[in-house]
Each structure stands twice: as structure tokens, then as C-alpha cells.
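The values are calculated or read from the model by the stated rules, or taken from the named source; none is laboratory data. All figures in this text were calculated on a predicted structure; none of them were measured in a lab. Ideal geometry is used to build each Cβ from the backbone, glycine not excepted, and the neighbour counts take in all protein chains shown. Ligands, DNA and RNA are stripped out before the accessible areas are found, and what is left, the full protein with its side chains, is counted by its heavy atoms. Shrake-Rupley method; radii C 1.70, N 1.55, O 1.52, S 1.80 Å.
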Amino acid sequence: MTVPFVDLPALAAPDKDAYLAAFARILDTGGYIGGPAVGQFEAAFAEFVGAPHAVSVKTGTDALVLALRAAGIGPGDEVITAANSFFATAEAISLVGATPVLADVDDATLLLDASDAARRITPRTKAIIPVHLFGQVVDMAAIEALVRAHDLFVIEDAAQAHGATRTAPSGEIWRAGSIANLAAFSFYPTKNLGALGEGGCVTTRNPELAARIAQLRDHGQAGKHDHVAIGYNARLDALQCACLSISLARLAERNDARRRRAARYTEQLSQLSGIRLVEVAPGSRPVYHLFVVRVDARRRDSVRDRLGAAGIATAIHYPTPIHLQRAYGSLGQRPGSCPVAERAATEMISLPMYPDLTDAQLDEVVAALTAAVS
Ligand SMILES: *Cc1c(COP(=O)(O)O)cnc(C)c1O
């Protein structure tokens with residue numbers, strides 16, 4: 001049996017007719033950019049996230065860039081984020097002219113370690129981007145404490161966390177994308193909510209920030225031919241919005257399916273010696289964008305090879321911590337600067353995880369992994 005890492009055609013299949021009908025509708029009107037499909041999707045996504053405002057943009061990277069711009073971050077500023085994330089989190093900081101400062105992650109959850117972030121705060125630090133990595137919400141109470149002490153702006157990188165929640169110490173439920181000043185989502189096709197191409201969105205509770213993002217995505221226009229800022233062309237196509245609205249209707253159910261897959265993996269793998277799971281914090285309800293296990297670094301690659309030989313596709317998120325990427329050689333964060341992230345990078349394996357993964361496929365992954373580590 002082969003088990004792919006993701007199965008996009010299977011995900012699209014139940015909505016194929018609806019997607020084609022949306023395409024036909026848009027072809028008939030010629031409204032490729034803007035129009036009702038965009039506003040309808042934004043309203044539905046804002047409702048799902050629990051933030052009053054959602055502004056769709058071209059990519060998750062644009063969502064981060066526009067959020068940083070709206071927050072007034074630019075040259076001379078430092079922004080702290082996690083060393084173990086997709087490169088785009090730091091890249092967005094560089095794209096607005098600011099300097100990324102990569103902080104280490106917590107060894108149990110692999111999420112941004114607030115105490116390590118605190119040690120990296122300087123007078124130039126203007127913002128912090130906690131990344132809800134693998135679909136688990138960061139401990140935002142610890143981040144809040146830093147923010148209050150140092151007057152920082154917070155942007156959630158929620159690209160992997162559509163629908164994830166965590167119970168705050170106050171008992172309030174944090175919903176990814178509705179906690180901080182601004183949040184960035186990606187609708188890259190493999191994300192929990194994926195477009196049929198590129199897509200992204202900024203969410204916020206602040207109407208002024210929402211308006212600023214809406215201007216920035218449209219060449220800084222306040223009105224037609226009235227450019228009040230140097231912006232971007234970062235609008236999301238009507239067709240993508242129409243298709244995202246269709247897929248959004250299945251997101252809650254698909255997140256639940258991922259949680260059931262994760263529970264089955266956890267049940268079967270938690271007692272297995274030689275395997276370490278990413279911990280789920282108390283009160284946390286991740287959406288399992290990825291299901292990551294850790295094995296001894298010395299045999300990580302051979303374990304992956306054995307899984308591959310058994311027809312099971314795996315991946316690594318991420319093999320090189322951001323501060324050690326060649327593009328960031330000039331940052332001066334040497335090996336040893338984020339030891340937990342650096343070690344995790346040599347141990348992690350992402351297993352197949354998607355709503356349509358069958359019990360039989362999952363059990364096959366577990367059997368192959370068990371054989372590979374024993
Ligand atoms: C996917 C992703 C992004 C970038 O999103 P794109 O839509 O690919 O530009 C940023 N941060 C994280 C954590 C991601 O997983």
C-alpha cells in the first residue's frame with residue numbers, strides 16, 4: 001500500500017462540481033478581481049476565525065508583509081520570531097526592511113519559547129511573531145507578558161492553524177487568528193484550508209488596521225487613483241475566494257477528521273520506544289496541519305528511507321532552522337544560537353496527515369515506523 005504525504009485530488013473531489021459551477025459563474029460575469037465572491041469569503045472566514053475583520057490577500061507571505069507594514073514595522077526595527085518555522089515568516093520581516101531575530105522553541109511543543117524570546121529583546125525590538133506551528137496555538141499568555149513589558153506589536157503566524165484553539169489561563173478560549181493585533185493565514189493548497197492555487201488572509205479585531213491592509217493590498221489606494229501609500233498588488237482572485245468559500249464549509253469537519261487521525265497516531269505511537277511525539281499543551285486543541293514525530297538524529301534519515309521503501313511518503317518541517325539558512329548568513333546567529341530548534345531539525349519526521357487518510361493507511365504508517373525504529 002502506498003501512502004502519499006498529501007492527497008489534493010481526494011480533497012477536491014467532493015466539491016468538484018461546485019468549483020466548476022463557481023468558475024462558470026465568474027466566467028459569465030467577467031468579475032475576475034474583486035466583486036461579491038471576495039467579500040462573501042472574507043465575511044465567512046472572519047466568522048470562522050472569530051475576528052471581526054478578514055482581508056484576503058494573494059499569499060500567506062503577503063499576509064505577513066502587509067501585517068508588518070500596517071503595524072508600521074520597517075528599516076531599523078527588529079522582529080522576533082521562531083527559528084523553527086517556514087522561511088517565509090522571517091522573509092516577510094526582511095521584505096519590509098526590518099531585521100528578523102530568531103528565537104528558540106520549547107522542547108516539548110516545538111513552539112516559540114517566550115523566555116528565550118525575552119532574552120533577545122533590545123531597544124530596537126518592535127514586534128513578535130508567534131507561529132502556531134503544526135496547528136497548535138502558542139502560549140499567548142507568556143507572549144502577552146512580554147508585550148506589555150516592552151510595548152511590542154504581536155502578529156500571529158496562523159498559516160498552519162485555521163481553527164486551532166487553546167484555553168487561556170483566564171478560562172477564555174483563544175482562537176488562532178483572533179488573539180493578537182493582527183494574524184496572517186495562508187491558503188496554500190496543502191494548508192488546512194487550501195485554495196486552488198495561492199491565497200492568504202489577514203485577520204484583526206481593529207477596523208483601522210483592517211482598512212490599512214485593504215489599502216496596502218490595492219496599491220495603497222484610499223479611493224480610485226488616490227494613492228496614499230506605496231502598497232502592493234496583493235489582491236486575491238474572485239475565483240479563489242469563491243472556491244475557498246466552498247471549501248470553508250468543510251473545514252470544521254476536516255479539522256475534526258485530522259484530530260481523529262492524530263488521536264489514533266498518538267494512541268499507537270506514544271508507548272513506542274525510540275519515538276517522541278510533539279506534546280499538546282493542556283487546554284490546547286490543535287488542528288494538526290502536520291503530525292510530527294522525533295527519532296534519534298543518528299537514524300532519522302534511515303528511518304525515512306525505510307518508510308519510503310515501504311511506500312510511505314514523509315517530509316521534514318523544517319530541515320534547516322531559519323537562522324542557519326544561507327540567505328541569513330549575515331544575521332550572525334551561529335549554530336548553537338537556538339539549540340532546541342537545531343536539535344529538533346535533526347530529529348523530526350512529518351508523517352502523512354490529512355482528513356482522508358484511512359485507518360488502514362495510518363496503521364500501515366505505524367507498522368512501518370515501528371519496524372524502522374525497533
Ligand atoms: C505556508 C506558510 C507561510 C507562507 O504562506 P504562503 O501562502 O505559502 O506564502 C508562512 N508561515 C508559515 C508557518 C507557513 O506554514
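Evaluated against (1) outside any loop (DSSP other than H, G, I, E, B); (2) more than 10 Å from the ligand (Cβ to nearest atom); (3) open to solvent by 20 Å² or more (accessible area, probe 1.4 Å), residue 76 falls short on exactly one condition, (1).
Just one of the listed residues (82, 70, 118, 98) is of a type in the set (A, V, I, L, M, F, W, C) and within 15 Å of the ligand (Cβ to nearest atom), and it is 82.
Out of contact with any Lys or Arg (no Cβ under 8 Å at 6 or more places or on another chain), within 16 Å of the ligand (Cβ to nearest atom) and not small (Gly, Ala, Ser): does that describe residue 156? Even if it seems obvious, please write down each step before you answer.
Details: out of contact with any Lys or Arg (no Cβ under 8 Å at 6 or more places or on another chain): yes; within 16 Å of the ligand (Cβ to nearest atom): yes; not small (Gly, Ala, Ser): yes.
For residue 156, the condition - out of contact with any Lys or Arg (no Cβ under 8 Å at 6 or more places or on another chain), within 16 Å of the ligand (Cβ to nearest atom) and not small (Gly, Ala, Ser) - is met.
Of the residues making up the range 346-359, those that are outside any strand (DSSP E or B) and either in contact with a helix residue (DSSP H, G or I) (Cβ under 8 Å, 6 or more places away or on another chain) or surrounded by 23 or more Cβ atoms within 10 Å (Cβ to Cβ) (or both) are 346, 347, 352, 353, 354, 355, 356, 357, 359.
In the range 163-221, which residues are farther than 21 Å from residue 18 by Cβ, part of a loop (DSSP other than H, G, I, E, B) and basic (Lys, Arg)? Scanning the range 163-221 gives 205, 217.
Of all residues in the range 276-306, those that are β-branched (Val, Ile, Thr), open to solvent by less than 20 Å² (accessible area, probe 1.4 Å) and in contact with a strand residue (DSSP E or B) (Cβ under 7 Å, 6 or more places away or on another chain) total 4. Considering the range 85-95, the residues that are in a loop (DSSP other than H, G, I, E, B) and open to solvent by 10 Å² or more (accessible area, probe 1.4 Å) include one that is nearest to the ligand (Cβ to nearest atom), namely 86. For the range 222-241, a residue qualifies if it is open to solvent by less than 40 Å² (accessible area, probe 1.4 Å) and either of a type in the set (S, T, N, Q) or at pLDDT 95 or above (or both), and the qualifying residues are 229, 231, 234, 236, 238, 240, 241.
All of 50, 34, 30 fail the test of being surrounded by fewer than 16 Cβ atoms within 10 Å (Cβ to Cβ) and either within 16 Å of the ligand (Cβ to nearest atom) or touching a residue at least 24 places away in the same chain (Cβ under 8 Å) (or both), apart from 34.
Within the range 128-139, residues that are closer than 11 Å to residue 174 by Cα reach partners that are near the ligand (Cβ under 9 Å from one of its atoms) with beta carbons closer than 6 Å, at six or more positions or on different chains, in the pairs 138/132. None of 122, 81 is within 15 Å of the chain's Cα centre (by Cα) and farther than 14 Å from residue 278 by Cβ except 81.
If I filter the range 125-153 down to residues being assigned to a loop (DSSP other than H, G, I, E, B) and more than 16 Å from the ligand (Cβ to nearest atom), which single residue comes out as least open to solvent (accessible area, probe 1.4 Å)?
Filtering the range 125-153 down to residues assigned to a loop (DSSP other than H, G, I, E, B) leaves 130, 132, 136-139, 151-152.
So of that shortlist, the ones also more than 16 Å from the ligand (Cβ to nearest atom) come out as 139, 151-152.
Details: 139: 63, 151: 132, 152: 14 Å².
By that ranking, first place goes to 152.
Only a single criterion out of (1) among the small types (Gly, Ala, Ser); (2) surrounded by fewer than 17 Cβ atoms within 10 Å (Cβ to Cβ); (3) in contact (Cβ under 8 Å) with a residue 12 or more places away in the chain is not satisfied by residue 309, namely (3).
Taking the range 159-170, which residues are away from the ligand (no atom under 13 Å from the Cβ), open to solvent by less than 50 Å² (accessible area, probe 1.4 Å) and either among the polar types (S, T, N, Q) or modelled with pLDDT under 95 (or both)? Even if it seems obvious, please write down each step before you answer.
Taking the range 159-170 first, the residues away from the ligand (no atom under 13 Å from the Cβ) are 163, 165-170.
Within this subset, residues satisfying the condition of being open to solvent by less than 50 Å² (accessible area, probe 1.4 Å) are 163, 165-166, 168.
Of everything in the range 159-170, those that are away from the ligand (no atom under 13 Å from the Cβ), open to solvent by less than 50 Å² (accessible area, probe 1.4 Å) and either among the polar types (S, T, N, Q) or modelled with pLDDT under 95 (or both) turn out to be 165, 168.
Can we say residue 265 is in the same structural domain as residue 297 (by TED's automatic domain parsing), surrounded by 15 or more Cβ atoms within 10 Å (Cβ to Cβ) and not in a strand (DSSP E or B)? Taking the combined requirement at face value, the residue satisfies it.
Against the definition (of a type outside the set (Ser, Thr, Tyr), in contact with a strand residue (DSSP E or B) (Cβ under 7 Å, 6 or more places away or on another chain) and buried (at least 16 other Cβ atoms within 10 Å of the Cβ)), how does residue 244 come out, yes or no?
Details: of a type outside the set (Ser, Thr, Tyr): yes; in contact with a strand residue (DSSP E or B) (Cβ under 7 Å, 6 or more places away or on another chain): no; buried (at least 16 other Cβ atoms within 10 Å of the Cβ): yes.
No; evaluated as a whole, the condition is false for this residue.
Within the set of pairs 6+ apart or on separate chains, which have a first residue in the range 238-254 that is within 20 Å of residue 34 (Cβ to Cβ) and assigned to a helix (DSSP H, G or I), a second that is open to solvent by less than 30 Å² (accessible area, probe 1.4 Å) and among the hydroxyl-bearing types (Ser, Thr, Tyr), and C-beta atoms under 7 Å apart? From residues that are within 20 Å of residue 34 (Cβ to Cβ) and assigned to a helix (DSSP H, G or I), the pairs are 241/56; 243/19; 246/19.
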